[in-house]
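Read through the structure below, which is laid out as C-alpha cells, and then see the notes.
The values are calculated or read from the model by the stated rules, or taken from the named source; none is laboratory data. Only a predicted model underlies this, so the values are computations on that prediction, with no experimental measurement involved. With ideal geometry, Cβ positions are generated from the backbone for all residues, glycine too; neighbour counts draw on all protein chains shown.
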Amino acid sequence: MIDGPIIKTKYVQYPKRYFPNLFDSNIVFLYILFPLSCVIYNQFTYKMKPIKTFFSVFLFSVPMALLENILEKYTKLVEFRKGWNGYYTVAVLSATFWFVRLFIAGIRFKDKKRKPADTPKKEFNKVDFY
C-alpha cells in the first residue's frame, strides 16, 4: 500500500526482482509474504485489547525490518537511498499492519451488526442427510 510511493520516489529499490519490466517492487514480498503476515497478525491479535494489539505489531514489523536490513547490507536484493533506514521500515510496516487491522475490525464489527434475518439458515433434519 505505502510501498508504491516509496519505490517511485526511489527511497527503496529492488535491483534483483522477478519480472523487472513489469514490477518495480519485490512481488514475492508485496503480494505473498506481506499479505500473509497481515492475516497472521490479524488472527494473532483478534481477541486482544487495543493496547496489546498496538505493541504486538512490533513482533511482526521489527523482524521484517531486521531481515530487510540484512538483505540490504549483504545482498543486492534491496537498496536504501535518500536516508532511508530500518526505522522508517518499522514505522511503515507497523502503520500498514495497524491500518489493515483497523479495516478488518471494521468488517468484523459490520458483520456482527447484521440481523439474523439477513442470512437465512436452513434447518436440517435426519431426512435431509439420507
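Observations on the structure shown:
- Restricting attention to segment 6-43, the residues that are buried (at least 16 other Cβ atoms within 10 Å of the Cβ) and of a type in the set (Phe, Trp, Tyr) add up to 5.
- Yes/no for GLU123 being charged (D, E, K, R), modelled with pLDDT under 90 and surrounded by 10 or more Cβ atoms within 10 Å (Cβ to Cβ): no
- Taking the conditions (1) touching a residue at least 60 places away in the same chain (Cβ under 8 Å); (2) exposed (fewer than 15 other Cβ atoms within 10 Å of the Cβ); (3) farther than 15 Å from SER25 by Cβ in turn, TYR88 satisfies each one other than (2).
- So PHE80, is it at pLDDT below 90, closer than 22 Å to LYS8 by Cβ and in contact with a Ser or Thr (Cβ under 9 Å, 6 or more places away or on another chain): yes
- Qualifying residues in segment 48-72 (those that are out of contact with any helix residue (DSSP H, G or I) (no Cβ under 9 Å at 6 or more places or on another chain) and at pLDDT below 90) - the one surrounded by the most Cβ atoms within 10 Å (Cβ to Cβ): LEU71
- With respect to being over 16 Å from the mean Cα position of the chain (by Cα) and within 22 Å of VAL28 (Cβ to Cβ), ARG108 falls outside the description.
- Scanning segment 93-108 for residues that are assigned to a loop (DSSP other than H, G, I, E, B), surrounded by 15 or more Cβ atoms within 10 Å (Cβ to Cβ) and at negative phi turns up nothing.
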